[in-house]
Amino acid sequence: MSTAGFNSQNGTGTGQTYANGPSQNPVALQQLPGVSYGMTHQPTYNPMQAKVPPPPGPGLYPSAPYQPVPPVSSYQPGPPLTSYPPSPGQPLLPRPPMSGPPSHTPPQSASPSPGPRMPPAQATPPPPAVSSSSYYPNPQQPMAPAWQYNTAPPPMGPPTSISTPPRGPVANHVNPAASLAEPLPPSSAAYSSTPPPRMSQSVTQPPGPGMPPTSMLGYTQPGTAPPPMNPMIPNTYQSGRPAYGPPPTGPPPIGPPPTMRPTPPPTGPPVANATPPPPKGDGAVAGNGPQASNSYNHVDNKMAGLTQPGPPGRHLGHYPSLPPGYQNTSAPHAASSMHPALQAATQPYTQAPQPYQQPPGGPGPAQLSPSLAAMSLQSSTPEALRVVNLLQERNLLPPTPIPAPTPCLPQDLQKINCHPEVFRSTLTSIPQTQSLLNKAKMPLGLLLHPFKDLSQLPVVTSSTIVRCRSCRTYINPFVSFLDQRRWKCNLCYRVNDVPEEFMYNPVSRSYGEPHKRPEVQNATIEFIAPSEYMLRPPQPAVYLFVLDVSHNAVETGYLNVFCESLLENINALRGDSRTKVGFITFDSTIHFYNLQEGLSQPQMLIVSDIEDIFLPTPDSLLVNLNECKELVQDLLKSLPSLFEKTMETQSALGSALQAAFKLLSPTGGRMSVFQTQLPNLGVGALQSREDPNQRASAKDIQHLSPATDFYKKLALDCSGQQVAVDLFLLSAQYCDLASLGCISRYSAGSVYYYPSYHHQHNPAQVERFQKDLKRYLTRKIGFEAVMRIRCTKGLSIHTFHGNFFVRSTDLLSLPNVNPDAGFAVQMSIEENLDDMQVVSFQAALLYTSSKGERRIRVHTLCLPVVNSLSDVFSGADVQAITGLLACMAVDRSVTASLSDARDAMTNAAIDSLTSYRQSVLTIQQPGLLAPACLRLFPLFILALLKQKAFRTGTSTRLDERVFAMCQLKYQPLAYAMLMIHPALYRVDDLTDEGALNINERTIPQPRVLQLSVEKLGREGAFLMDAGTVMYLWIGRNCHPNFLTQVLGVPSYAAVPDNLYMLPELDTAESQRTRAFVGWLRDQKPFFPSLHVIRDESQLKANFMQNMIEDRTASALSYYEFLLHLQQQISK
C-alpha cells in the first residue's frame, strides 16, 4: 500500500507518513497490484437507497422523508422461486437494475487437476485497506453515497491468473503485510523441530512487542473444504489444568486471511442514483499487529511458491457429510442456567468429543454421502421460511430469549462448530455468488467475541503448532485428513504434511491418530506459543492511572470511590512478580508520584510547563507493585485529602495524556483515565459544541464527529507502543465524548460514561461505578495483542467494527484485549463458491497474558453454501443482522448524517422483505409478508430508530447519544441487543414454575412481554432490562402484598422517589425478585443500575421511551411502521 494510502487510513489526512513511533515496515507498506480471480467484480447491493414519500403519521424520519421511488437494486431480476427452489421462466416484478449483472468467470486453478476443480489458494495481496475502524472519514475523500452491503471495491491493477506465482515480496499468496510477525518454518519440509531464524530488531521497530502470528484471531471463513474429518474426542480441557505436552518448538507462522478486499464502510442511507463509493482510506481497516517493523515477512516470503492444485470438487446441491467413522461427536453443552441468548456470556460452552476412527486414506472432503440429499433445504418448507403476515400476527415476540439459528450442517459437523456467542454470521447459509447475495438484500458479516471468559477452554502446549504452509490457517476440526501423513486446509485447499510431533496424541497418549488431537477436536482452542511468536520478551502487566483532581472532580466525590476500590482490589490486579503501577494526577498542572522503594512516603512532583511536558524522574514513577505496595497503599489513602480544598478549575487533560504516553512507551501497558469535565487548557483543549436547545431537534444532529484529531493521533501513537487507553467519564456537563472517545477507540480501549455522577445526589451511579471498577480492575487482560480473521478462498472481508487500529490491511492491533469487547466485520463474495459445500472462518488472537505467557486463541466456524434464494433467507440470523446494521448505521451517522443512517436502516427492512416477496414467495397474497426467521426484523429496525443513538425529536444529550453509538459498535451482540430491544417481565406474580436452579438458588423465569403500554397493568409490577439500566415500574394499584413483601413499604404512595436497590427482606417474594434481578445482572460484564419508578417519577419518561411498539410525538407505532413498510414494498 502506498504511503499516502497508509496515512489516510490512519486518518491523518496528509500525504506524509504519520509514524506511530517507529516507521512502518517497508514491505508491509508496499503497494502490490490487485489481482482479479478470473471473474468480473460483482456490484454490491446498496441496502440504503433513498425512497421517497414520507411515512404516514407524525414523522418517523423527520429529518429526511422517504422518497418512494422504486428502490434501485444492484441485481437483475431473476426468476422467482416456486416452492422455494427456483423455477425457470417466471419473471420477477420489475425493478430497475442499478447496474448490469457482473459476469462470473470461473477462477482458474493453479494447475490442472482431475475432476471438477476446487478454487486454488489466493495468489495476490488485497488492495489497500479501507478504513472501517474509524467513524470518521478522511476529509479529502468523497463520501460514499450509499451503503454497499456486501462487496469490496473492485480489485486494482491488471487481472492476473491464479496460476501466476506471486511476485516480489508477496508470501504465501497473501498480502505481505498480513504476514507480519509470523515466523515460518525453516524449510519447505513439514514443520521441522528447528526454530526459524530469529529476526534482529531493526531501528524502525517500535518498542512494542513483536507481531505475533497474525492468524491468531483470524476467523477463517468456512472453507469450501468438506466437513471436518475430525470429530471431537471425549476429553474436555479446563483452563485451570496444565497445558498438554512440552512447549512447542516449531515456529508456525501466522498468515493473513486468504483475500481481504477492503471496501468503504457502509455509512449512510441510500442516495438516489447512488454509485458505489470509491475505496476510502480513513482509519485503517484491518490490522492486528503492533506496528513493529521487524516482522517475519522476509521469512514468509521464502516459502511462497505455487499453490498446489485444489482437490477435485463436486457440483452437488447438498452438503458433504463426513466419511464413516467421523460421525459420532457430541454437541457442546450449553449452560442451562442462563438465558439462551446470554448463555455464553458467562459460561462458555464445553464440548464433549467422542472418539472415532478415521481409516487412513478414508473418504476425502469432496466425497458426499448420497443420504445427504435429504438435507437439502428445498425438500420441504422449513420453519424458518414459514410465511408470516406481520399485519395480522400480533404476538410475534417469543416468551423466552431468541436463540441463534443453527446452521444446516451434517450433525457431526454442527456438534463441533464454534459457539454462536463467540463467532456468529448474519447468514448461516452462505450464498454461492455475490449476485445471489445482492438479490437477498441482506448484509453478510461476522460478529465476534474473541476473548470472552470461558469456563472451559482447551489449552495446548505442543512442540508444533500446525498451520497451513500456504494461507497460515491453524489446523482445526474442519480440515480433512487424506491419510495419517497429509491434511488438506479448509481455507485454501492446500495439502500439507502432518509433522511427526503431531502424530502423538497427548490426551490418549497414543501414536498415529493425528485426527484425535485436541486441535482437531475443538473449534475454540488456545495454544501456548513458542518463542517464534515473540519479537521481544513478553511485557509485564503495567497499569497507569491518570486522575482528574480539579475542583469539579473533587466535587463529584469519585476520587474517594476510586481509591477505596483500588485499595480493596489491589491484590486481585492481574499480573505476576513483574507487575508495575504508577499514578498521575492533573488539573492545570501535572502531578507525578515518586514511589521508589526506600522512600518513607510517596513524593509528589509537579510539572507546571504543560506545553513541553517531561518526566521528572523517569525511573521511579512506574514501580514494581510487590516491592512498593505499602507506598502505593499510602498514596491511595492520602490522595482524596490532598485535593479536597482545591479551587483549581482548569483541566489539562491533553498534557496529562502526553505525559502518561511518555511513561508507558518503553513497556506498553494500560492507561486508565478518569475525567470529569471538558478539557480547557493546553493541547487537546476543547470548547462546548452542544446547544441544549437542539437536543430534541427533528433535524440532523451536529457534532457527532471529533472537533480535533489530537486524541486520535495520540491514540495511534499509543497503539504503536502497545498502550491502550480506557476512559472513565464522570460528568454532569457536556464533555465532548465524540472527541475524547477517539483516545480509546483507536488504542483498543473502552469508554465508561456516568452522566450526572455525584456521590450524594446520584447514589445509583455511584453503585454502578463501584461495580464496574471492580470488574475492570480484576478481569482478565491480554497485552500486545493482534487479531486476524481468515476465510475460505472466494470470500473477502472488507470492513471492521470495534475498538482497534488496523495495522496492515487485515491485521487488527489490540494493545490490550479484554473479555468484554466485541467486534464485527462485513464480507463480500469475490469468487463464485460453485464447487464448495461448506466454507470456514477462523479468528486468531495472539496476546501476552498477564502472567507473561504468549498465547494464541483460535476460533473456527463452518457454514454451508447454498445456491437458492430461499435457502439464503432460511439461514438469516435476525439478531446478528440487526447488530451489524447498527454498526453500519453508526458509521453512516458520522460520515454522512443521522437522517441518512435512519433512512438506510428502514430501507434495509424494505429491501429484504421486497426481495423475499418477489423472489421467494410463490403465491402472492395481500399483507406484509415475511419469513418466520425475519418476523422480528421490522420490530428491531424500529427499535434502532427509537434507540438513543439514532432517535430524533426526543431530548437527548449529545454525549449520551455518542456513548450509545460507542456501545453499539463495541458491545458483544448479546448485550447490544438488550440496548436495542429491552426485555420486559412481569414480576409481581413470580413463581417457581419453570424456574432454574443455580448454586442452590431458585431463579424464576417469567415470560418476555411486548414493549407496549398495553402490556402494563396498574395492578402489577414490571421489570425492564435495557442492558445498562433496569427499571422496576410499580402500577398505581399494585397488590399490597408485593409492596410490603418485596419493597418493604406499606402502600404505593410510600414508595420512595429515588429507590435504586431492593431491600433484603426475609420473604419468599423478596428472595425470588432479588434472585431474578441478580441473575440478569450476573450475565453482564457491566453493572446495570436499577431504578424503581412510579407514575410520578422523573425517570418514567425514560422507561416509556423504551416502549418501542407505542407511538410517540416524534415516531410511529409498530403497527404504523408496518403499514409504512407495506406501502413502500407495494410500490
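The values are calculated or read from the model by the stated rules, or taken from the named source; none is laboratory data. The structure presented is a predicted model; accordingly, all values stated were derived computationally and were not measured. A quick note on method: Cβ atoms are made from the backbone with ideal geometry, for glycine too, and the neighbour counts reach across all protein chains shown. Heavy atoms of the whole protein, side chains included, go into the accessibility calculation; ligands, DNA and RNA do not. Shrake-Rupley method; radii C 1.70, N 1.55, O 1.52, S 1.80 Å.
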**Subset of region 833-855 [closer than 20 Å to Ser577 by Cβ and surrounded by fewer than 22 Cβ atoms within 10 Å (Cβ to Cβ)]** = Ser849, Ser850, Lys851, Gly852, Glu853
**Tally of residues being open to solvent by 50 Å² or more (accessible area, probe 1.4 Å) and over 36 Å from the mean Cα position of the chain (by Cα) across region 1059-1070** = 4
**Fill in**
Okay, strands (runs of 3 or more DSSP E) sitting entirely in region 461-558 with 2 or more residues that are farther than 30 Å from Ala660 by Cα, I get 480-483, 486-488, 495-497, 524-528
**Asked** Are there any pairs, at least 6 apart or on different chains, whose C-beta atoms fall under 8 Å, with the first in region 845-870 and over 17 Å from Ala821 (Cβ atoms) and the second modelled with pLDDT of 95 or more and acidic (Asp, Glu), and if so, which?
**Response** Lys851/Asp576; Gly852/Asp576; Ile856/Glu526; Val858/Glu526
**Message:** Considering only region 391-401, I want to know if a residue exists there that is in contact with a Ser or Thr (Cβ under 8 Å, 6 or more places away or on another chain) and either open to solvent by 10 Å² or more (accessible area, probe 1.4 Å) or over 30 Å from Asn505 (Cα atoms) (or both).
**Reply:** no
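Test Ser912 against the stated conditions and say whether it is of a type outside the set (Phe, Trp, Tyr), surrounded by 21 or more Cβ atoms within 10 Å (Cβ to Cβ) and at pLDDT below 95.
Details: of a type outside the set (Phe, Trp, Tyr): yes; surrounded by 21 or more Cβ atoms within 10 Å (Cβ to Cβ): yes; at pLDDT below 95: no.
No.
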**Prompt:** Can you tell me which residue in region 946-962 is surrounded by the most Cβ atoms within 10 Å (Cβ to Cβ), limited to those that are outside any loop (DSSP other than H, G, I, E, B) and in contact with a helix residue (DSSP H, G or I) (Cβ under 6 Å, 6 or more places away or on another chain)?
**Reply:** Val962
**Message:** Among the residues of region 445-459, are any surrounded by fewer than 24 Cβ atoms within 10 Å (Cβ to Cβ), modelled with pLDDT under 95, among the hydroxyl-bearing types (Ser, Thr, Tyr) and in a loop (DSSP other than H, G, I, E, B)?
**Reply:** yes
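Suppose the filter is without any contact (Cβ under 8 Å) to a residue 24 or more places away in the chain and surrounded by fewer than 20 Cβ atoms within 10 Å (Cβ to Cβ); does Arg574 pass it? Show your work before the answer.
Details: without any contact (Cβ under 8 Å) to a residue 24 or more places away in the chain: no; surrounded by fewer than 20 Cβ atoms within 10 Å (Cβ to Cβ): yes.
So Arg574 fails the test.
What do you reckon, is Leu795 buried (at least 22 other Cβ atoms within 10 Å of the Cβ), assigned by the TED database to the domain that holds Glu853 and not hydroxyl-bearing (Ser, Thr, Tyr)?
When the stated conditions are applied, Leu795 passes them.
Of these, Leu436, Leu446, Leu397, Leu427, which one is among the aliphatic types (A, V, I, L, M), under 27 Å from Val920 (Cα atoms) and assigned by the TED database to the domain that holds Ala932?
On the way: Leu436 fails: assigned by the TED database to the domain that holds Ala932; Leu446 fails: assigned by the TED database to the domain that holds Ala932; Leu427 fails: assigned by the TED database to the domain that holds Ala932.
Only one candidate passes the filter, namely Leu397.
Which one of these is without any contact (Cβ under 8 Å) to a residue 60 or more places away in the chain and within 39 Å of the chain's Cα centre (by Cα): Asp612, Asp634?
Details: Asp634 fails: within 39 Å of the chain's Cα centre (by Cα).
Answer to the selection: Asp612.
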**Item:** Of all residues in region 798-820 being among the small types (Gly, Ala, Ser) and assigned to a strand (DSSP E or B), the one that is surrounded by the fewest Cβ atoms within 10 Å (Cβ to Cβ)
**Value:** Ser813
**Fill in**
Note on Asp810: of the conditions (1) acidic (Asp, Glu); (2) at pLDDT 95 or above; (3) within 20 Å of the chain's Cα centre (by Cα), unmet is (2)
**Message:** If I ask for residues that are of a type outside the set (Val, Ile, Thr) and touching a Lys or Arg at 6+ places or on another chain (Cβ under 9 Å), which ones from region 774-786 would you list?
**Reply:** Leu777, Arg779, Lys780, Gly782, Phe783, Glu784
**Message:** Can you find, within region 975-1014, the residue that is nearest to Lys946 (Cα to Cα) among those that are more than 31 Å from the chain's Cα centre (by Cα) and not in a loop (DSSP other than H, G, I, E, B)?
**Reply:** Val1013
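How many of the residues in region 821-834 are farther than 17 Å from Cys887 by Cα and part of a loop (DSSP other than H, G, I, E, B)?
Keep residues of region 821-834 that are farther than 17 Å from Cys887 by Cα, which gives 829-834.
Checking the rest, the ones that are also part of a loop (DSSP other than H, G, I, E, B) come to 830-834.
Number of matching residues: 5.
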**Complete:** Checked against (1) open to solvent by less than 20 Å² (accessible area, probe 1.4 Å); (2) on the phi > 0 side of the Ramachandran plot, Gly994 satisfies every condition except (1)
**Message:** For a quick check of your reading of the model, give me the residue pairs whose first member lies in region 508-533 and is open to solvent by less than 10 Å² (accessible area, probe 1.4 Å), whose second is aromatic (Phe, Trp, Tyr) and modelled with pLDDT under 90, with beta-carbon atoms closer than 7 Å and at least 6 apart or on different chains.
**Reply:** Pro518/Tyr237; Pro518/Tyr244
**Prompt:** Just checking, which of Asp877, Asp871, Asp891 is over 22 Å from Pro431 (Cβ atoms) and of a type in the set (Asp, Glu)?
**Reply:** Asp891
**Item:** Every pair of residues 6+ apart whose Cβ atoms lie under 7 Å, when the first sits in region 379-392 and is part of a loop (DSSP other than H, G, I, E, B) while the second is crowded, with 16+ Cβ neighbours inside 10 Å and at pLDDT below 90
**Value:** Thr381/Tyr84
**Request:** Output yes when any residue across region 1071-1081 is buried (at least 20 other Cβ atoms within 10 Å of the Cβ), of a type in the set (Lys, Arg) and in contact (Cβ under 8 Å) with a residue 40 or more places away in the chain, and no when none is.
**Result:** yes
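Residues checked against (1) more than 30 Å from Gln971 (Cβ to Cβ); (2) at pLDDT 95 or above; (3) surrounded by fewer than 24 Cβ atoms within 10 Å (Cβ to Cβ):
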residue	(1), (2), (3)
Ile430	no, yes, no
Asn438	no, yes, no
Lys441	no, yes, no
Ser463	yes, no, yes
Cys468	yes, yes, no
Trp487	yes, yes, no
Asn496	yes, yes, yes
**Item:** Scan of region 590-603 for residues that are under 41 Å from the mean Cα position of the chain (by Cα) and open to solvent by 30 Å² or more (accessible area, probe 1.4 Å), ordered by number
**Value:** Gln596
**Asked** If you check Arg790, Arg775, which single one turns out to be basic (Lys, Arg) and crowded, with 24+ Cβ neighbours inside 10 Å?
**Response** Arg790
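Tell me which residues, restricted to region 1009-1037, are among the hydrophobic types (A, V, I, L, M, F, W, C), in contact (Cβ under 8 Å) with a residue 60 or more places away in the chain and open to solvent by less than 20 Å² (accessible area, probe 1.4 Å).
Matches in region 1009-1037: Leu1011, Met1024, Ala1026, Met1030, Leu1032, Trp1033, Ile1034.
Yes or no: Ser638 in a helix (DSSP H, G or I), within 21 Å of Ala724 (Cβ to Cβ) and in the same structural domain as Cys742 (by the TED database)?
Details: in a helix (DSSP H, G or I): yes; within 21 Å of Ala724 (Cβ to Cβ): no; in the same structural domain as Cys742 (by the TED database): yes.
So Ser638 does not fit the description; no.
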